[in-house]
1. Quick check on my filter: what residues within region 92-112 are surrounded by fewer than 21 Cβ atoms within 10 Å (Cβ to Cβ) and in a strand (DSSP E or B)?
2. Residues of region 61-85 being in contact (Cβ under 8 Å) with a residue 40 or more places away in the chain and of a type in the set (A, V, I, L, M), which ones?
3. Could you check I72 against (1) outside any strand (DSSP E or B); (2) among the β-branched types (V, I, T); (3) at pLDDT 95 or above and say which number it fails?
4. Scan region 41-69 for residues that are part of a strand (DSSP E or B), closer than 14 Å to S2 by Cβ and either at pLDDT below 90 or of a type outside the set (D, E, K, R) (or both) and report the count.
5. Say we look at region 113-147 and pick out the residues that are outside any helix (DSSP H, G or I) and over 16 Å from the mean Cα position of the chain (by Cα); which of these is surrounded by the fewest Cβ atoms within 10 Å (Cβ to Cβ)?
6. Is there any pair with a first residue in region 161-182 that is crowded, with 21+ Cβ neighbours inside 10 Å and a second that is at pLDDT below 95 whose Cβ atoms are under 8 Å apart and which are 6 or more apart or on different chains, and what are they?
7. Mind telling me which of the residues K172, K160, K179, K150 ends up being out of contact with any helix residue (DSSP H, G or I) (no Cβ under 9 Å at 6 or more places or on another chain), outside any loop (DSSP other than H, G, I, E, B) and either of a type outside the set (A, V, I, L, M, F, W, C) or at pLDDT below 95 (or both)?
Amino acid sequence: MSLHGTIVSGFGGQGVMLIGQILSYAAMVEGKNVTWLPSYGPEMRGGTANCMVVIDEEAVGSPIIDKPTEVIAMNIPSLIKFEEELEKDGMMILNSSVIDKEPQRRDIKVIKIDANKIADEIGNLKVANMVVLGAYIEATKIITLDSVQKALEKKLTESKAKLVQINIEAIKRGMQVAKEQL
């Protein structure tokens, strides 16, 4: 595995920080080196938020990503902001429920996931972020579903423990949709 620098971005309240945290913890479960760096806009809910996750077998020198290998964009401002920064032959995963705009670049791989629709079908719109995480897992193979489940169990405790299964279902649906596009 080579270095993976991922930017997860969207509006506050779309669960982008949770995607980054779960991704980071799952990588640690697998013994990988990882950094997670959150960045919030002026207002948390409704403002833009993003996080940078760096995963590598080697020690990670910096949590800052100049040229991400992957971008998860949950909204149009995130697509616009991070498309140009994505490295050549990088991958952009788009929440097509919210993003109705096409990326301009032709030298990147684009995966479109109708995350809100899938989350609604599952029965909880709040798991749209996990649908997109599932697409990322399938497309990159950086971490395993088993590690992600362990990360969810670590993060979702007490009253939220009952949400682990619906999150796993959302991840599996995202993986399925991504597999069809790869």
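The values are calculated or read from the model by the stated rules, or taken from the named source; none is laboratory data. Predicted model only: the values in this text are computed from it and were never measured. Methodologically, a virtual Cβ is constructed for each residue, glycine included, from the backbone with ideal geometry; neighbour enumeration extends over all protein chains shown.
1. K109, V110, K112 - these are the residues of region 92-112 that are surrounded by fewer than 21 Cβ atoms within 10 Å (Cβ to Cβ) and in a strand (DSSP E or B).
2. Across region 61-85, the qualifying residues are I65, V71, I72, A73, M74.
3. (1)
4. The initial filter retains those residues of region 41-69 that are part of a strand (DSSP E or B), namely 48-56.
Narrowing the set further to residues that are closer than 14 Å to S2 by Cβ leaves 54-56.
Next, only the ones that are either at pLDDT below 90 or of a type outside the set (D, E, K, R) (or both) stay: 54-55.
So the answer is 2.
5. At the first step, the residues of region 113-147 found to be outside any helix (DSSP H, G or I) are 113-114, 123-124, 141-144.
Filter once more, so that each one left must be over 16 Å from the mean Cα position of the chain (by Cα): 123-124.
Numbers: G123: 10, N124: 15.
The selected residue is G123.
6. So the pair list comes out as N167/L156.
7. On the way: K172 fails: out of contact with any helix residue (DSSP H, G or I) (no Cβ under 9 Å at 6 or more places or on another chain); K179 fails: out of contact with any helix residue (DSSP H, G or I) (no Cβ under 9 Å at 6 or more places or on another chain); K150 fails: out of contact with any helix residue (DSSP H, G or I) (no Cβ under 9 Å at 6 or more places or on another chain).
That would be K160, the only listed residue that is out of contact with any helix residue (DSSP H, G or I) (no Cβ under 9 Å at 6 or more places or on another chain), outside any loop (DSSP other than H, G, I, E, B) and either of a type outside the set (A, V, I, L, M, F, W, C) or at pLDDT below 95 (or both).
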